Amino acid sequence: MREIQNEFNQQVANLLFAQSQAEQDMEVTRAVNQPAAPDAYPVAELEIARERFVDRLRELKDGEDPTPQVENFIPALLPVLKIGLKLAGRQRVVDFLANFLGKLIQKFVGPQYAPPLSKAIVDAGLRLLQLEATPQSEAGAAASAVASTVEETVRRVAALPDYVLDNQELLEGAALQAFEQAAAANLPPVLSDDTYRKRPDLREHRRGFWYRSGRRYKKRVGPRIMVRISPYKVASLETFDGNTVGEVLEEQYAIAPGDEVDAQVHLYEAMPGMRLSDIVRGEQVIGKLDGEDAHNQLHPLTRNAAALLLDQPELGRDAEGETGDPQAPQVGQRFYYLEIPGKPPLMVPTTGGCVHARHRSRSRFIFHFPQNEIIARLYLSEIRAQEIAVRLRQHGHMGMVLERLRTLSIVG
């Protein structure tokens, strides 16, 4: 329902701010002539195609060419990518990618190469994450990791500018770089330490790798990552709705600005069709809070966040607007959840015996065009309201109080 509402709001905004009558007419025509519901759903079709792709990779014999399997998989991937239409209209590029990736992944599939890769995946951390591998799951680990590598490579190539896609030499170089970056994220360390010293870009995560968690929707990284943080340290680290992670720690966890706490950082990556609520629903470490939006517990793993928290900016990915839209995660966008041992979010009882986490400070602006007015609403969290009340009781400088309200009013 939220997605439908957001789409309607966007259409109304386009209509209201159109520069001319002609643009208004075009917007109305576009809305009226939108296609009906499709007969097939790309995300579901992709999931079926991916499972088939993984199964076919597992069944390959020594020396068998995986190119036909890649050729069958890529067409299912393109419709779920907003930028996939660029490749769908370039059959030459699609054919090149299928042959190119078929040759590159041949060293990771088949009875000779798949078992060592599967063992490396298990040894690199799946068991540490309480994912005890059965012989069947170990056999499929390599094929699944290779499929994720192919999927991300195609997504990276689809994002290339037109002049690269139209130039064969540039395309070959860019495709190789895209594969190296995808392999660095989705495969465990399989090269020598000397190679990684010379090419550190071939290993994205120093202590783990990304893998698919659950049947669909997301990838996560393992093994676990422990950090030491304080609200002061992350005071400028932006999260969704204009808030900062420092404010979240202060207002929802009651951690003093100068206090340092140990936190376990859980990392996730969006797959096609994912919503943040899918992450919350599938993770036991994330508390299920009544009536809470998922994005109140998750934060965007931007390059700035990855550098500040993990000292690994290459793990972060900036979305449109840096943090992106929590209601519509972008494919490949990354997020993190902070698990603080002994410090769960402060809870507030509600009617019916339910509880929810304390709300943090936020502002909301309503543009009411028919009445020619703008309504500004400011909600202060309990800790912020008490902070301002103390200053007023102490007859503090009114300018300081107003400045504090001003900074809060530009949040979210």
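Please find, within region 159-178, the residue that is nearest to LEU104 (Cα to Cα) out of those that are touching a Phe, Trp or Tyr at 6+ places or on another chain (Cβ under 8 Å) and crowded, with 18+ Cβ neighbours inside 10 Å.
Checked region 159-178; the qualifying residue nearest to LEU104 (Cα to Cα) is ALA175.
Quick check: is even one residue across region 186-194 of a type in the set (A, V, I, L, M) and either more than 20 Å from ARG155 (Cα to Cα) or modelled with pLDDT under 75 (or both)?
Among the residues of region 186-194, at least one is of a type in the set (A, V, I, L, M) and either more than 20 Å from ARG155 (Cα to Cα) or modelled with pLDDT under 75 (or both), which makes the answer yes.
Hey, can you tell me all the residues within region 364-402 that are part of a loop (DSSP other than H, G, I, E, B) and either open to solvent by 100 Å² or more (accessible area, probe 1.4 Å) or under 25 Å from GLN10 (Cα atoms) (or both)?
Filtering region 364-402 for residues part of a loop (DSSP other than H, G, I, E, B) gives 369-372, 380-381, 394-397.
If the condition is that a residue be part of a loop (DSSP other than H, G, I, E, B) and either open to solvent by 100 Å² or more (accessible area, probe 1.4 Å) or under 25 Å from GLN10 (Cα atoms) (or both), then PHE369, PRO370, GLN371, ASN372, GLN394, HIS395, HIS397 are the ones that fit.
With of a type in the set (A, V, I, L, M) and not in a strand (DSSP E or B) as the only criterion, which of VAL331, VAL348 stands out?
One residue alone meets the criteria, VAL331.
Criterion first (among the hydrophobic types (A, V, I, L, M, F, W, C) and modelled with pLDDT of 80 or more) does VAL401 satisfy it?
So VAL401 fails the test.
Considering only region 168-182, how many residues are more than 18 Å from the chain's Cα centre (by Cα) and either under 19 Å from VAL146 (Cα atoms) or among the hydrophobic types (A, V, I, L, M, F, W, C) (or both)?
Of the residues in region 168-182, 9 are more than 18 Å from the chain's Cα centre (by Cα) and either under 19 Å from VAL146 (Cα atoms) or among the hydrophobic types (A, V, I, L, M, F, W, C) (or both).
For residues that are modelled with pLDDT under 90 and either exposed (fewer than 14 other Cβ atoms within 10 Å of the Cβ) or of a type in the set (A, V, I, L, M, F, W, C) (or both), tally how many sit in region 32-53.
Qualifying residue count, region 32-53: 15.
Is at least one residue of region 106-113 without any contact (Cβ under 8 Å) to a residue 40 or more places away in the chain and within 22 Å of PRO329 (Cα to Cα)? First the steps, then the outcome.
First, the residues of region 106-113 that are without any contact (Cβ under 8 Å) to a residue 40 or more places away in the chain: 107, 113.
If we keep only those that are within 22 Å of PRO329 (Cα to Cα) as well, we get none.
Scanning region 106-113, I find no residue that is without any contact (Cβ under 8 Å) to a residue 40 or more places away in the chain and within 22 Å of PRO329 (Cα to Cα), so the answer is no.
Looking at region 338-361, is at least one residue under 25 Å from the mean Cα position of the chain (by Cα), open to solvent by 80 Å² or more (accessible area, probe 1.4 Å), among the basic types (Lys, Arg) and within 30 Å of VAL261 (Cα to Cα)?
Taking every residue of region 338-361 in turn, none turns out to be under 25 Å from the mean Cα position of the chain (by Cα), open to solvent by 80 Å² or more (accessible area, probe 1.4 Å), among the basic types (Lys, Arg) and within 30 Å of VAL261 (Cα to Cα).
Give region 320-337 a look and list any residue that's small (Gly, Ala, Ser) and crowded, with 19+ Cβ neighbours inside 10 Å, or say none.
Those that are small (Gly, Ala, Ser) and crowded, with 19+ Cβ neighbours inside 10 Å: GLY324, GLY332.
For the condition without any contact (Cβ under 8 Å) to a residue 24 or more places away in the chain, of a type outside the set (D, E, K, R), farther than 15 Å from ALA254 by Cα and in contact with a helix residue (DSSP H, G or I) (Cβ under 7 Å, 6 or more places away or on another chain), what is the one hit in ILE366, ILE375, ILE388?
Result: ILE388 is the single residue among ILE366, ILE375, ILE388 that is without any contact (Cβ under 8 Å) to a residue 24 or more places away in the chain, of a type outside the set (D, E, K, R), farther than 15 Å from ALA254 by Cα and in contact with a helix residue (DSSP H, G or I) (Cβ under 7 Å, 6 or more places away or on another chain).
A quick yes/no check of all residues on (1) surrounded by 15 or more Cβ atoms within 10 Å (Cβ to Cβ); (2) assigned to a helix (DSSP H, G or I); (3) in contact with a strand residue (DSSP E or B) (Cβ under 8 Å, 6 or more places away or on another chain); (4) modelled with pLDDT of 90 or more:
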site: GLU71; (1), (2), (3), (4): yes, yes, no, yes
site: LEU78; (1), (2), (3), (4): yes, yes, no, no
site: VAL94; (1), (2), (3), (4): yes, yes, no, no
site: ASN99; (1), (2), (3), (4): no, yes, no, yes
site: GLN106; (1), (2), (3), (4): yes, yes, no, no
site: VAL157; (1), (2), (3), (4): yes, yes, no, yes
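Only helices (runs of 4 or more DSSP H) wholly contained in region 230-325 count here; list those with 2 or more residues that are in contact with a Lys or Arg (Cβ under 9 Å, 6 or more places away or on another chain) and modelled with pLDDT of 85 or more.
Qualifying helices (runs of 4 or more DSSP H): 245-253, 303-310.
Across region 334-345, which residue is farthest from THR244 (Cα to Cα) among those that are assigned to a loop (DSSP other than H, G, I, E, B) and in contact (Cβ under 8 Å) with a residue 40 or more places away in the chain?
The residue in question is PRO341.
The values are calculated or read from the model by the stated rules, or taken from the named source; none is laboratory data. Here the structure is a predicted model, which is why all the values come from computation and not from measurement. Note that we place each Cβ from the backbone using ideal geometry, even for glycine, and neighbour counts take in every protein chain shown. Surface areas here come from the heavy atoms of the whole protein model, side chains and all, with no ligands, DNA or RNA. Shrake-Rupley method; radii C 1.70, N 1.55, O 1.52, S 1.80 Å.
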